[in-house]
1. For the subset of the range 200-210 comprising residues that are in a strand (DSSP E or B) and hydrophobic (A, V, I, L, M, F, W, C), which member is surrounded by the most Cβ atoms within 10 Å (Cβ to Cβ)?
2. Output the residues belonging to the range 79-96 that are part of a loop (DSSP other than H, G, I, E, B) and either open to solvent by 20 Å² or more (accessible area, probe 1.4 Å) or farther than 21 Å from THR11 by Cβ (or both).
3. Go through the range 54-78 and count every residue that is open to solvent by 10 Å² or more (accessible area, probe 1.4 Å), without any contact (Cβ under 8 Å) to a residue 40 or more places away in the chain and among the hydrophobic types (A, V, I, L, M, F, W, C).
4. Criterion first (at pLDDT below 95, surrounded by 14 or more Cβ atoms within 10 Å (Cβ to Cβ) and on the phi < 0 side of the Ramachandran plot) does HIS113 satisfy it?
5. Residue check, SER173 against (1) open to solvent by 20 Å² or more (accessible area, probe 1.4 Å); (2) closer than 29 Å to ALA257 by Cβ, all met but one. Which one?
6. The conditions are (1) outside any strand (DSSP E or B); (2) modelled with pLDDT of 95 or more, and LEU3 fails exactly one of them. Which is it?
7. Would you confirm, using the coordinates I've provided, whether THR103 is open to solvent by less than 80 Å² (accessible area, probe 1.4 Å), closer than 30 Å to VAL49 by Cα, among the β-branched types (Val, Ile, Thr) and part of a loop (DSSP other than H, G, I, E, B)?
8. Farther than 22 Å from TYR316 by Cα and touching a residue at least 12 places away in the same chain (Cβ under 8 Å) - does that describe any residue in the range 106-116?
Amino acid sequence: MLLYFNPGHETAVLNASPYYMPPASVLTLQHDLAFLPAWYGKAEDCVLVSDLDTCSSYYKFLQDHFPTLPAPVDTLPTGQPSVSLWGISPHTIHFFHELAGKTVAEPTLPAWHAAYGYLNSRTAARDCLAGLLGNLPTFPHELLPTVCHSVDEVKKLVCESDRALLAKTPYSSSGRGLLWLPLHELSDKTCELLHGMLKKQHSVYVEKVWDKVIDFSMQFMCDGYGNTIFTGYSLFQTNEKGAYTGNLLYSQQKINAILTEKISSECLETVKRQLISFFNAKCAGFYCGCVGVDMLIYREKGEFKLHPCLEINLRYNMGYLSLRLQQNYLADAAEGTFVLDFHANGNDTLRNHIDLQRQHPLLIENGKIVHGYLSLCPVSERTRYRAYVLVSRH
């Protein structure tokens, strides 16, 4: 299997053109973190990268410690390699068709399905949530977002709401495309931002802001033949603006204990079954790959409650990567954090990388990280985006 990292997937799906050009920031992210899928891959896989020279020297160091880690390549393997995309879009499929035309390889690519446009939008997440609320009457219907097509509709919701609201564009993820709305009245600046969101995507989803306690996700795999399986939980972290910053690398047993301290295991299992039914009906018959469902536990009137479907990510995601990273590469007595960060200047990234190496020396035993700092992709003076783990014994 050839693994390929193509972030900014939802925007490419929205654009729908094979000739879509990602923004410069997305291209930088893709270049810097191209090797990232290796950490959920298998020994027989390989990972397509654009800078093989830099990645090869980094990989030699890794291979001494993690012999089952997939190798980087900068061209298609000969024959008929199967390609696994971070996310499926017309743009990325076209990219591989063009790449194949320059080689003798005939890659097996995922096909574009008309339903992907719907499944990658917040419309699908809202429909899924509506189904959950219909089948689980204990969940309040005020969890359901309101779809607005004009600034005036949003203004009306803000005026009538007794709590803060949040507007989201239909195609966005990982904390992008969010606008926090002030209480009671919209400022001219907020109206201007809303107008820009509506001009680009024609609608926004407005939801109430809850007293969040825990961000987490359920991760699933669809097999393309109508079957969906649950693969695990992921605990993640966001900044004050709601943007994703990283994951907690805990065992499934510990995460389950953290969640069930506040939400009953029966409730979580019921939601899990309902989600599996939704994916079996909507996409598992033609989609083969990962699906992540973002959720949160919030506090309401002194009680802990579950929001069972904030967002659906029909793609591989950092939660799934962290789940596999913890299971495959952390020692039993170790836990830590997976961090995604950015430095405007590559020299700052490199300096911070060297400082962390010195402050948290890496210890690996029997192919497992016991403690220390490890960058998951090569770092140079040109690197701006970085993914790394910081591990300690517990």
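1. Per the criteria, the residue is VAL204.
2. GLY79, GLN80, PRO81
3. Of the residues in that region, 2 qualify.
4. yes
5. Unmet for SER173, out of (1) open to solvent by 20 Å² or more (accessible area, probe 1.4 Å); (2) closer than 29 Å to ALA257 by Cβ: (1).
6. The failed condition is (1).
7. Answer is yes for this residue.
8. yes
The values are calculated or read from the model by the stated rules, or taken from the named source; none is laboratory data. The structure presented is a predicted model; accordingly, all values stated were derived computationally and were not measured. Note: ideal-geometry Cβ built from the backbone for every residue, glycine included; neighbour counts use all protein chains shown. Only protein heavy atoms, including side chains, enter the accessible area calculation; ligands, DNA and RNA are left aside. Shrake-Rupley method; radii C 1.70, N 1.55, O 1.52, S 1.80 Å.
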